[in-house]
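I have placed the structure first, in the form of structure tokens, so that the comments after it can refer back to it.
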Protein chains: 4
Amino acid sequence: MMRFLSLSVAVLLLAGSARGQFVRTEVTLPDIPPYKTLMCDFHTHTVFSDGNVWPTVRVDEAWSQGYDAIAVTDHIEYQPHREYIPIQYNASYEIARPRGEREGLIVIRGCEVTRVMPPGHLNAIFIEDASLIQTKRIGEMFAHDHRRGDYLDSIDHHHQDYLLALEEAVRQHGFVFWNHPGWAPQAKDGIKLWDVHRELIAKGWIRGIEVANHAEWYPEAFQWCLDYHLALLGNSDVHETEQIYERKARIARRPATLVFARERSEAGIREALDSARTAVWFNDMVLGPEKLLRPLAAAAIAVTGPFFVDGEGTRYYSVRNATDLPLTLTDTASGEQLDLLPRSSVVTKAAKEVKARSFSVKNFLVGPSDTLAVRLPFD
Amino acid sequence: MMRFLSLSVAVLLLAGSARGQFVRTEVTLPDIPPYKTLMCDFHTHTVFSDGNVWPTVRVDEAWSQGYDAIAVTDHIEYQPHREYIPIQYNASYEIARPRGEREGLIVIRGCEVTRVMPPGHLNAIFIEDASLIQTKRIGEMFAHDHRRGDYLDSIDHHHQDYLLALEEAVRQHGFVFWNHPGWAPQAKDGIKLWDVHRELIAKGWIRGIEVANHAEWYPEAFQWCLDYHLALLGNSDVHETEQIYERKARIARRPATLVFARERSEAGIREALDSARTAVWFNDMVLGPEKLLRPLAAAAIAVTGPFFVDGEGTRYYSVRNATDLPLTLTDTASGEQLDLLPRSSVVTKAAKEVKARSFSVKNFLVGPSDTLAVRLPFD
Amino acid sequence: MMRFLSLSVAVLLLAGSARGQFVRTEVTLPDIPPYKTLMCDFHTHTVFSDGNVWPTVRVDEAWSQGYDAIAVTDHIEYQPHREYIPIQYNASYEIARPRGEREGLIVIRGCEVTRVMPPGHLNAIFIEDASLIQTKRIGEMFAHDHRRGDYLDSIDHHHQDYLLALEEAVRQHGFVFWNHPGWAPQAKDGIKLWDVHRELIAKGWIRGIEVANHAEWYPEAFQWCLDYHLALLGNSDVHETEQIYERKARIARRPATLVFARERSEAGIREALDSARTAVWFNDMVLGPEKLLRPLAAAAIAVTGPFFVDGEGTRYYSVRNATDLPLTLTDTASGEQLDLLPRSSVVTKAAKEVKARSFSVKNFLVGPSDTLAVRLPFD
Amino acid sequence: MMRFLSLSVAVLLLAGSARGQFVRTEVTLPDIPPYKTLMCDFHTHTVFSDGNVWPTVRVDEAWSQGYDAIAVTDHIEYQPHREYIPIQYNASYEIARPRGEREGLIVIRGCEVTRVMPPGHLNAIFIEDASLIQTKRIGEMFAHDHRRGDYLDSIDHHHQDYLLALEEAVRQHGFVFWNHPGWAPQAKDGIKLWDVHRELIAKGWIRGIEVANHAEWYPEAFQWCLDYHLALLGNSDVHETEQIYERKARIARRPATLVFARERSEAGIREALDSARTAVWFNDMVLGPEKLLRPLAAAAIAVTGPFFVDGEGTRYYSVRNATDLPLTLTDTASGEQLDLLPRSSVVTKAAKEVKARSFSVKNFLVGPSDTLAVRLPFD
């Protein structure tokens, strides 16, 4: 705070000012050749459903935070602002897309299919027309006012038409995933995989699950993704401005889906999702399949040295993390911890005869309770 | 950044999380009895004109930043989102007001009357119905699409109907002030007070001027306020989210109008504006009339001591600023500088015989080029 | 980071610069009348033992962080720099004291009596002459070089002379407390209260225990303090610079002892310590006896309102924390959480008939596993 | 601040904590092949002259801030702590060096030769033995106590023995540079190059000048470096802890000398200094010869795209700065400003026919009042 005051009085007395340019903070992530590592958020809202920002804000925020892609996924059955804003299912995408094109941010068309549990909330992205996925019957149900929350219970379980909606989404070649499976209002008795989900997964209609959403993550969902070879998603579900969102959630960074794509393009992202080649960055954790997290960690860490050898032949090395991902390593044998904060390095030693050391990367989870094991050369 | 990583691995592995509560950061400002010092922003936009946030966001942002009051002042002649959002002149206030009531933030109804120069842009606040201030003729002129900027030159100077608009605003007991008088697109040949403004001021139809707007401040406007006994206004003119706004403007805090009110209420603010009892907080500067800034500074600064006397009788004192306003004092005699950063103190000395010292408060301007003089007791 | 770049090019091209003044960041703590709440650190080191800063640095750092008092407590049996700096037991105090006098920071003479467990390390403060507490025999033992750590085990348990040292400390009217009772190198089998400590407590020779030290706190020690009516101490044990200390410990603020004193003076602090009128501020926690923490919390929290009443008679209130202590309240009945961050407020409601609400202050511990209960008026 | 409170209560109640590891924040600087860009500070003090930290602190601080090398340059004629610390001219280096070896920070032996103006203060680095450079006669002069400041005027101008000192430094193959030539106490009538300096430069005894020191920079000295082909130096002259130093100076980062070396080694640095292959990083500015700053800027900036072409053939590009140096570009033709903050990017456009654009890098000075011109490809 103090530093903002460092402007000299000379400056204070200058009148006028050029308005500053909008700047993107780049996030350095390690690529996994032949894949590029892209940072994505596939779950966002705008004023066209229950969000509170114009669609361009979603683009500007994501662009300035270093994202590669977002999907705008307004609810198609829930529009609390409709007294002021007539319902238009594709408007948020149509407004956001051109902004993204001019900023270099990939914007993906999507919508949120909003049902009671099961199946709960589902995002369909890479769709062609959200208005066709919205089913008339649900639309009618919400023609009168509902307060948020109430509407969740007002749908007759036995006559849900979500299958029609998903069928249409799939017909449009959409990619559908299950949102926040452990969200308290829909998982009062705990998170669980319903038969409905198993069926949808078996049909290929659900192809991913949010393992992290907002300020939560769901270990069970992580396991389901591994079991059924589904894409892990980590999304913000942001409704407010990013600043209010982070302030309320007490987090420094919204959850992100890391996508390992052959190219930085909409098609590249789609191919990676279809191949379940994703991981989740949630606060200080990275969650994903071992075959992806191992090369990711390897690409992030560089051991250099030895730059010093003491009298007993102990060699001193630098272990550096050149990326924005944190990595917390614990030596499997000695318990020594290496805190590889973003863009930092630490010093560690290797005894005379040691050629390599084994570590557990405590914040890289390859299963709900399994940390990544890596072996680093010290030679 | 490092510190965000201090969560232990034990925490990382905990699933789930309670979503945090929304918190207001209180700003400590010194009161000037019998007046309370209120922090206000009388110039903000929403999706109902050319802003990009839902009106509740304006309330949430201001509340969380410690503001006491805002006015929502959407343009009544410029609605670039009207393809998606039907024009409703009072909607932003009607949506923002209830949110403000529940958060304890005063929300004032306003609108921006948008004309070429002169008179340029004018805000009317404390109005009753913005739709009546909007004049049909201008409405028609903008019935077809104009890109922002172009429309400024498209109005026939000789047939402007701004007088009708202001007459209606005044009829509604509105308080009208002139926005960003030195804004480059409307002040290409430099800032100046037009005859039009002199007439409006003489009639009491313009009762304040923005001395600071966004990342700019206007020394000439400061002088005009002093000359004509007008309220000094410092407003954000925020269109985007606060975060994007501050990031683009490269400022740590949007401009604020400090209102010295008999009570924290809409009526209290109005009475203070009518009495021109305001100052402007712009970055590290405070601008205002001497009779207001002197007690403001006096209320912020506390000299305590002496807590030590050296061998030559020199006494050591603490000079403390318990507020969030910065104060930079320079001793008129010795040139010693006391940097009273927010909520901080410094040590200074007084020679044996000294009973008081005179300072210039470098960042408190009581005129375009005059700093506040204060005398502090050292006894 | 971005904001540091906001200096205009005009500034960049200015040559020269006035060097800034040293500023103290004030920490706002609630007083408990008739007591003043003082922030103190009774355990610090300098180059005169195994610390790495000149004694004035200890004063400057503490002063600039808003402390009221520190003790300099260099080891009297361990001087790893003695090859360069001849051993002088009182030097750190003699150098620090005058600096403190001129900054308004109270500096207390102390020393650390360093033994194997039991009794482990003990600080004697408010002493008259550290050189008399240092006992010759131990001095001889360390006349030759020992690496830190080794020396801990090199002392014959059966012939320790710590009683001589403590006897002298007490003769000098010193106040003796037990340092970091759970420090791993001396508590390999877990923290425990030895008979030695019980005897010293019974004799009044140990009158306080560090419940927090560096990045650790010790619940058991908290209980011992309550059981034996001892002063709770929270100290930094800082050896490096504060910046390196905090960076290594991954903490935002070193532990502090909150002293509730009749006056802000050395005598005032001593009287409070003798009366065990202290609490510990450790990261986001405050630890202390209920009779002290209850008025402390009460003095920090202000409920104002109602500022709004809805249609059902529900009243809206602001709950404000004007201090730098965080308070996390949970409503005992509803579970609602109020995060009273430093200098912030939140909004909460009270149903029509409610006159008061009961909360648990989650981060104010009045016992190792007991949180403070408070009742706040909503009327 | 808020975020530090994000620790859940679960964490708060955990007792104990592993003490964190010391982490180096890496600073990303662009290399200029075949040279590596090293960040160095050739002017630092410790308790062995008038500094206030143990020599290892100088190493730890620089290492943790991403430095490649420091010189420890204690005054050899001014030891205000000598009442407690016997004068030892080489002690600071001997203590710092082993620490540096184990951290991978290059530590260079140096001393400050301290005289009245002319020649003022001179640093000799890469020396063999500081005690031989200290001349006995000066030593005697300061055998009794002098307060800092007074001693500057107490030396007889006509009988200075600085030539003896420099002769010895040169005999030891030392590299000598002139410190803070515009330091107010020695440049009361303004900064100037004395005949003494011209002679020493001509003899090759002065081979560099501090163009930046602490919170100051000296445009005239920049020109002298260019005129006489001397190494530009930017050094901290830190005496206190880094934290207190930055807090007092109101700077975010101490001045650094950028050394363009064939290898990261003491010899590599020396060869670069001898070749005057250096630049200065001072706050947000970089100062240096055009032939060095041009490739430095080129290596920092990457133009990628176009990623979008609009209807008129205007192409959209990303301009990215992957380094920790800020670059502020202004388009020579249009005046458009690109604020390339550290590790960020901006979007800019190129009209259909444009193949390249010319910019002035406002914060890269290639002379006291000349900014670097660069041309970037847009094709």
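The values are calculated or read from the model by the stated rules, or taken from the named source; none is laboratory data. As the structure is a computational prediction, the values presented were derived from the model and not from experiment. Note that we place each Cβ from the backbone using ideal geometry, even for glycine, and neighbour counts take in every protein chain shown. Calculation scope for accessible area: heavy atoms of the full protein, side chains included, ligands and nucleic acids excluded. Shrake-Rupley method; radii C 1.70, N 1.55, O 1.52, S 1.80 Å.
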Open item on the list: Being without any contact (Cβ under 8 Å) to a residue 24 or more places away in the chain and among the aromatic types (Phe, Trp, Tyr) is true for just one of D:Tyr84, D:Tyr93. Which residue is that?
Closed with: D:Tyr84
Open item on the list: Return the residues of region A:255-282 that are crowded, with 23+ Cβ neighbours inside 10 Å, out of contact with any His (no Cβ under 8 Å at 6 or more places or on another chain) and either outside any strand (DSSP E or B) or of a type outside the set (Phe, Trp, Tyr) (or both); say none if nothing qualifies.
Closed with: A:Ala256, A:Thr257, A:Leu258, A:Val259, A:Ala261, A:Ile269, A:Ala272, A:Leu273, A:Thr278, A:Ala279, A:Val280
Open item on the list: Against the definition (within 18 Å of the chain's Cα centre (by Cα) and over 30 Å from B:Arg109 (Cβ atoms)), how does B:Thr323 come out, yes or no?
Closed with: yes
- [ ] Answer with yes or no whether C:Arg247 is outside any loop (DSSP other than H, G, I, E, B), over 25 Å from C:Pro119 (Cα atoms) and over 14 Å from the mean Cα position of the chain (by Cα).
- [x] yes
Open item on the list: Suppose we filter D:Arg102, D:Arg97, D:Arg58, D:Arg82 for residues that are open to solvent by 20 Å² or more (accessible area, probe 1.4 Å) and under 21 Å from the mean Cα position of the chain (by Cα); which single one remains?
Closed with: D:Arg97
Open item on the list: Anything in region B:187-209 that is surrounded by 18 or more Cβ atoms within 10 Å (Cβ to Cβ) and either within 14 Å of chain A (Cβ to nearest Cβ) or within 20 Å of the chain's Cα centre (by Cα) (or both)? List them, or say none.
Closed with: B:Ile191, B:Ile206, B:Arg207, B:Gly208, B:Ile209
Open item on the list: So, in region C:286-330, how many residues would count as being touching a Ser or Thr at 6+ places or on another chain (Cβ under 6 Å) and open to solvent by 40 Å² or more (accessible area, probe 1.4 Å)?
Closed with: 3
Task: Top-ranked residue in region A:51-99 [being at the interface with chain B (Cβ under 10 Å from one of its Cβ atoms) and acidic (Asp, Glu); ranked as farthest from A:Ile125 (Cα to Cα)] - done: A:Glu83
Open item on the list: So, A:Arg102, is that one modelled with pLDDT of 95 or more, within 14 Å of chain D (Cβ to nearest Cβ) and more than 24 Å from A:Leu233 (Cα to Cα) or not?
Closed with: yes
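Every residue, every condition in (1) of a type in the set (Lys, Arg); (2) out of contact with any helix residue (DSSP H, G or I) (no Cβ under 7 Å at 6 or more places or on another chain); (3) assigned to a helix (DSSP H, G or I), yes or no:
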residue	(1), (2), (3)
A:Lys192	yes, yes, no
A:His197	no, yes, yes
A:Ile206	no, no, no
A:Val211	no, no, no
TODO: Tell me which of these C:His45 doesn't satisfy, since it passes every other one: (1) surrounded by 24 or more Cβ atoms within 10 Å (Cβ to Cβ); (2) within 10 Å of chain D (Cβ to nearest Cβ); (3) within 20 Å of the chain's Cα centre (by Cα).
DONE: (2)
Task: Subset tally (residues that are among the hydrophobic types (A, V, I, L, M, F, W, C) and part of a helix (DSSP H, G or I)) for region A:221-241 - done: 5
TODO: Among the strands (runs of 3 or more DSSP E) lying completely within region D:69-141, list those that include at least 1 residues that are of a type in the set (Asp, Glu).
DONE: D:106-114
Open item on the list: Here's a check for you: in region C:331-379, which residue that is within 16 Å of C:Glu290 (Cβ to Cβ) and open to solvent by less than 10 Å² (accessible area, probe 1.4 Å) is farthest from the chain's Cα centre (by Cα)?
Closed with: C:Phe359
Task: Hits in region C:210-229 - residues which are under 13 Å from the mean Cα position of the chain (by Cα) and either farther than 23 Å from C:Val170 by Cβ or away from chain D (no Cβ under 14 Å) (or both) - done: C:Ala212, C:His214, C:Ala215, C:Glu216, C:Trp217
Open item on the list: Tell me whether region B:290-305 contains one or more residues that are over 23 Å from B:Ile125 (Cα atoms) and within 10 Å of another protein chain (Cβ to nearest Cβ).
Closed with: yes
- [ ] Give me a count of the residues in region B:210-243 that are open to solvent by 10 Å² or more (accessible area, probe 1.4 Å) and either at positive phi or β-branched (Val, Ile, Thr) (or both).
- [x] 3
Open item on the list: Would you confirm whether or not region D:112-122 contains a residue that is among the basic types (Lys, Arg), open to solvent by 10 Å² or more (accessible area, probe 1.4 Å) and either at pLDDT 95 or above or over 25 Å from D:Leu325 (Cβ atoms) (or both)?
Closed with: no
